[in-house]
Amino acid sequence: MWFLCIFIISVYLCHGILDGMTCSEVGAVKLRLEEEKEKRLMLQNEVEILMLKVANLERKLAKDADGSSSRSRNVAFMVYRNTSLTNLELKQKLVFVKVAMNVGNGYSAITGVFTASVSGIYFFIWMTSHAMGIVSPDTDLITIIVVNGEYKVHAGIAITHGFHMGGNSAVF
């Protein structure tokens, strides 16, 4: 009885729904359908993997846009001192402890060192001011940008009397 039911279903499939096709052709279609199902599942898996990659890239892009990524492509800093320095020594490092902006977190207010986290061209501009009484008259006050231990560019103030200011800019 069981064999008869299977035969009837096969006959129905071969001669009912798919009129004009032989049973071997139907078998080939079934095989092709299974192959296509496997391909579809593989493509679905690939799409899911790509969607995860896109989501990760979007998260990284959002971090870069708000500056919270450690490898942000944007680098900028603005620092200053709001207190005077007295008894300066020759070649004393000046640490600017007030940080107004530090995009990319390249400047350390503890060490006074800027570290470029992204290769590129950097533009620096700085001003130095002096009020009479901090340094003896007829003394020069010179600030120097040092890169990897090498003096690169300086700004100087020849102190005579009153308030003095000097500045410079540099591209590295």
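The values are calculated or read from the model by the stated rules, or taken from the named source; none is laboratory data. Note that the structure is predicted; figures quoted are calculated from it, not measured. Here the Cβ is made from the backbone with ideal geometry for all residues, glycine too, and neighbour counts use every protein chain on show.
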Seminar exercise, completed: PHE123 fails exactly one of (1) closer than 17 Å to SER169 by Cα; (2) among the aromatic types (Phe, Trp, Tyr); (3) surrounded by 10 or more Cβ atoms within 10 Å (Cβ to Cβ), namely (3)
Exercise. Are any residues in the range 92-143 assigned to a loop (DSSP other than H, G, I, E, B) and at pLDDT below 85, and if so, which ones?
Worked result: MET132, GLY133, ILE134, VAL135, SER136, PRO137, ASP138, THR139
Exercise. Of the conditions (1) under 17 Å from the mean Cα position of the chain (by Cα); (2) at pLDDT 85 or above, MET78 fails just one. Which one is it?
Worked result: (1)
For this session: Kindly check whether there is at least one residue in the range 147-154 that is within 26 Å of the chain's Cα centre (by Cα) and of a type outside the set (Gly, Ala, Ser).
Result: yes
